Amino acid sequence: MPNSNKQPDNIFIEVVEDCAASPRLQPASPWRILVIDDDEDVHEATRFALKNETFFGRPVEFLHAYSASEARARMTEFKDVAVAIVDVVMESQTAGLDLIHDMREAGLEEMRIILRTGQPGMAPELSVVARYEIDDYRTKTEMNRTRLITVITSCIRTYSHYHAINSSRKGLEMIIKSARELFKPTNLEMFAWGILLQVAALVNTSPKGLVCVRQTASCVLESEVVCAAGRFLHYTGRRVSEVPDQEIVNVLSSLRDLEEPLVSGNYLILTISNRSHRKLIAVIEIDGPISETEMSLVKLYCGNIKIAFDNISLVERLDELAFLDTTLQIPNLNAFYRSFETCLRLKETPLSLGLIQIERFDELIADHGLHMALDCLRQMHIALSQLENLEIVARVGDGTLALLGDPGQLSSENLQDYLHQSYMIDGVEIAPRCRMLLRELDKNEDLPLEILREAVAALLHEPAVVAGKVIHYDQKLRTELERRNNLKGALKKAVEQHDGILVYMQPKIDLESKTCIGAEALARWQYGDEMVMPSEFIPISESIGITAALTDIVVQKSAEWLKERAPDKDFTIAVNLSMYDLNLPGFAKRLLRTIEQTGLPAERFELEVTEGIAMKNRHAAISQLQMLREAGCTIALDDFGTGYASLSQLQTLPVDVLKIDRSFIGSLTTDNARHSMAAIILSTTNALDMQCVAEGIETPEQEKALAVLGCSIGQGFLYGKPCPFEAFAF
């Protein structure tokens with residue numbers, strides 16, 4: 001409340017001289033003058049004295065407080081007050097001084113303060129001015145109108161300087177901080193948002209505007225708005241030409257290739273270029289005129305963030321390389337993992353994973369060249385991408401694409417046609433053989449790496465997945481894969497420790513004398529209480545690279561048995577070799593060392609290979625067979641007539657023996673013998689001076705028919721099934 005006991009102040013007697021010549025900026029908002037006094041008359045007299053006055057081209061606006069406690073309660077309102085006129089004596093003798101101390105402590109350091117008192121001597125003038133940073137200290141009687149205007153003019157000038165210095169300092173701090181922050185974003189949208197917010201803060205306006213990016217050579221109207229704020233928010237993602245604000249479109253259309261920020265109407269426009277030939281254009285709506293200091297800060301800011309813009313382009317390029325198959329220009333395995341992980345974390349609807357693989361992709365490359373094979377995979381990607389509700393289609397391996405999407409779209413019915421689709425490439429129609437696996441995902445699954453690993457393993461699980469079919473990953477297939485994984489570790493351990501690896505012998509009979517002249521040594525695996533079939537563990541041994549070690553065990557154990565049972569007898573041991581091993585450099589030398597260590601001559605061993613040896617591009621395997629043959633081993637071609645070998649190829653192979661496959665023996669009789677495939681094979685071996693062995697003889701009728709044809713050696717259940725060493729008799 002005002003103090004009615006105090007004497008009125010004599011503050012409106014004289015006329016002040018003209019201050020129009022004082023320097024000032026463009027017209028802007030009023031100067032805010034704060035009067036803190038418990039006398040209402042003082043408030044009224046101050047208003048009257050400064051009525052219609054302008055300082056540096058700007059009018060004044062008054063704030064009033066009638067006590068120190070009221071001023072403290074309203075201190076947050078005084079942030080942009082230029083001058084405060086404070087009474088010393090209010091609630092107490094030093095209330096004004098205590099209030100000034102609190103205002104300075106609260107951060108109102110720019111505010112200029114005029115201290116006045118109606119009771120001279122209450123506060124020593126020199127000590128008060130020094131201690132409380134007072135701009136002027138007057139008694140109320142000496143504060144006439146002229147003096148008041150003069151003091152306020154001086155205070156406002158000082159405030160302007162302080163404010164400019166602080167704005168520059170804060171602006172510089174903001175530039176340093178913002179430049180540091182702008183190096184953190186890893187995408188253009190975040191970077192553009194940072195520019196909108198930070199430039200708006202530099203010019204003391206709310207963030208309203210948009211940011212677009214264009215290639216240097218392209219038209220600005222074709223640029224895309226990467227982010228927007230305020231009333232422009234809904235323009236995000238549009239082209240500049242689609243923005244309905246014609247003023248902005250006109251401003252951007254008239255832009256010259258300038259790097260300096262400029263003001264056009266109500267807009268501040270920044271143009272920033274980088275070394276990737278891209279321009280970032282920010283259009284910020286401003287609330288009023290921009291001072292020279294603010295514009296200087298904006299220019300400095302633009303210079304600092306050029307490097308950050310270059311950094312964003314580099315990050316985007318690295319991101320592109322990290323998540324793009326640069327050969328096919330489609331998403332790669334990293335992109336698939338990222339999308340997969342996001343979907344598992346955020347997507348609430350059902351999700352399915354699909355894998356489609358071109359079977360024998362390496363053969364497709366060999367037949368048509370790498371360019372056409374990759375183009376085939378690219379066209380397959382384009383075709384699959386047409387499916388609705390897909391999250392991603394990506395290349396995850398050689399000849400393999402992965403799909404992620406809605407189970408309704410990723411179904412056998414929708415995908416079956418893609419397994420038989422052909423593609424026209426450079427005038428050549430290519431129809432790749434494909435196989436596909438689908439797996440519906442449980443909502444609780446959250447390990448994309450493990451899920452994809454299991455799916456790929458299932459896709460490669462040959463007994464289950466065949467070309468031309470879509471296979472569903474179900475519990476049965478999962479159980480098979482789990483068993484296969486368990487067997488891998490157990491088999492590796494068994495081979496390393498020679499534990500559980502057995503050798504069974506099956507006799508080979510001279511059909512004329514009916515005597516046993518040799519045996520085929522066959523690997524068997526006793527896994528705990530279970531005897532694992534060769535059809536199961538041999539493919540596993542090939543997949544984990546232990547077939548050579550397995551062959552060593554068979555050779556060593558069969559040689560030990562032979563030295564014990566028939567050291568001097570003309571008896572040979574046949575051992576099966578893996579095509580996988582024959583393609584490994586140095587395998588032949590290793591096997592010959594193993595044979596040498598047994599103490600038996602190489603002539604006592606017959607090495608059997610399948611017709612896969614006759615496939616093209618098998619020169620390394622044939623070379624190793626030649627080395628084994630030259631060392632004295634006999635080479636036999638197993639299952640002849642069911643695989644790849646042709647008569648012309650047969651002449652070039654280092655083979656001594658042909659084994660007629662059991663499929664040609666099953667229906668053989670003495671009546672049809674001379675018109676059978678067995679007869680043709682036997683005549684071929686005679687022409688090529690090779691020995692012939694018939695497999696799968698189970699009946700005397702088959703034996704008799706083969707004798708009619710002149711086959712000299714037979715093997716089959718008629719003579720004995722494979723059995724352990726101790727049960728083998730000859």
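The values are calculated or read from the model by the stated rules, or taken from the named source; none is laboratory data. If you're wondering where the values come from, they're calculated on a predicted model, not measured in any experiment. When we count neighbours, we look across all protein chains shown, and the Cβ atoms used for this are built from the backbone with ideal geometry, even at glycine.
Whether any residue in segment 524-534 is in the same structural domain as G716 (by TED's automatic domain parsing), closer than 19 Å to L607 by Cα and at pLDDT below 95 is what I want to check. Yes, segment 524-534 contains a residue that is in the same structural domain as G716 (by TED's automatic domain parsing), closer than 19 Å to L607 by Cα and at pLDDT below 95.
In segment 87-101, the residues that are in contact (Cβ under 8 Å) with a residue 12 or more places away in the chain form Cβ pairs under 7 Å with partners that are surrounded by fewer than 17 Cβ atoms within 10 Å (Cβ to Cβ), at six or more places apart or across chains, as follows: V88/M122; V89/Q119; V89/M122; E91/S69; Q93/M122; L99/R72. Cβ-Cβ distances below 6 Å connect the following pairs, each with a first residue in segment 145-157 that is closer than 14 Å to A45 by Cβ, a second residue that is part of a helix (DSSP H, G or I), and a separation of six or more residues or different chains: R145/A49; L148/A49.
Conditions (1) surrounded by fewer than 20 Cβ atoms within 10 Å (Cβ to Cβ); (2) at pLDDT 90 or above, marked per residue:
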residue	(1), (2)
F640	no, no
L647	yes, no
A679	no, yes
K721	yes, yes
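Among the residues of segment 191-241, which ones are surrounded by fewer than 15 Cβ atoms within 10 Å (Cβ to Cβ), among the basic types (K, R) and in contact (Cβ under 8 Å) with a residue 60 or more places away in the chain? If the condition is that a residue be surrounded by fewer than 15 Cβ atoms within 10 Å (Cβ to Cβ), among the basic types (K, R) and in contact (Cβ under 8 Å) with a residue 60 or more places away in the chain, then no residue fits. Residues that are in a helix (DSSP H, G or I) and β-branched (V, I, T) were ranked within segment 288-312; the one that is surrounded by the fewest Cβ atoms within 10 Å (Cβ to Cβ) is I307.
Somewhere in segment 389-396, is a residue within 23 Å of the chain's Cα centre (by Cα) and modelled with pLDDT under 85? Steps first, answer last, please.
Here is the first cut: in segment 389-396, the ones within 23 Å of the chain's Cα centre (by Cα) are 389-396.
Adding the requirement that they be modelled with pLDDT under 85 leaves 389.
Yes - at least one qualifying residue is present in segment 389-396.
Take I365 and decide whether it is without any contact (Cβ under 8 Å) to a residue 24 or more places away in the chain, over 23 Å from I471 (Cβ atoms), surrounded by 14 or more Cβ atoms within 10 Å (Cβ to Cβ) and of a type outside the set (G, A, S). In short, yes. Residues that are in a loop (DSSP other than H, G, I, E, B), crowded, with 16+ Cβ neighbours inside 10 Å and in the same structural domain as M505 (by TED's automatic domain parsing) do occur in segment 611-618. So, G397, is that one touching a residue at least 24 places away in the same chain (Cβ under 8 Å), within 29 Å of A322 (Cβ to Cβ) and surrounded by fewer than 21 Cβ atoms within 10 Å (Cβ to Cβ) or not? So G397 fits the description; yes.
When P432 is tested against the conditions (1) assigned to a loop (DSSP other than H, G, I, E, B); (2) at pLDDT below 80; (3) buried (at least 18 other Cβ atoms within 10 Å of the Cβ), the lone failure is (2).
Tallying residues that are outside any strand (DSSP E or B) and either touching a Gly at 6+ places or on another chain (Cβ under 9 Å) or without any contact (Cβ under 8 Å) to a residue 40 or more places away in the chain (or both) within segment 38-66 yields 11. Taking V83, is it in contact (Cβ under 8 Å) with a residue 60 or more places away in the chain, closer than 23 Å to R131 by Cβ and buried (at least 20 other Cβ atoms within 10 Å of the Cβ)? Considered against the rule, which asks whether it is in contact (Cβ under 8 Å) with a residue 60 or more places away in the chain, closer than 23 Å to R131 by Cβ and buried (at least 20 other Cβ atoms within 10 Å of the Cβ), V83 comes out as yes. Scanning segment 688-722 for residues that are without any contact (Cβ under 8 Å) to a residue 60 or more places away in the chain and more than 20 Å from D638 (Cβ to Cβ) yields a total of 7. H371 meets the conditions (1) surrounded by 13 or more Cβ atoms within 10 Å (Cβ to Cβ); (2) outside any loop (DSSP other than H, G, I, E, B); (3) under 27 Å from the mean Cα position of the chain (by Cα) in every case but one. The failed one is (1).
Go through segment 351-362 and count every residue that is surrounded by fewer than 14 Cβ atoms within 10 Å (Cβ to Cβ) and part of a loop (DSSP other than H, G, I, E, B). So that I can check it myself, show each step before the final result.
Applying the first criterion (surrounded by fewer than 14 Cβ atoms within 10 Å (Cβ to Cβ)) to segment 351-362 yields 362.
Next cut, part of a loop (DSSP other than H, G, I, E, B) only: none.
Residues that pass the stated criteria total 0.
Can you list the strands (runs of 3 or more DSSP E) lying wholly within segment 503-608 that have 2 or more residues being without any contact (Cβ under 8 Å) to a residue 24 or more places away in the chain, surrounded by fewer than 19 Cβ atoms within 10 Å (Cβ to Cβ) and not basic (K, R)?
On the way: elements: 515-527, 530-532, 572-576.
Per the criteria, 530-532.
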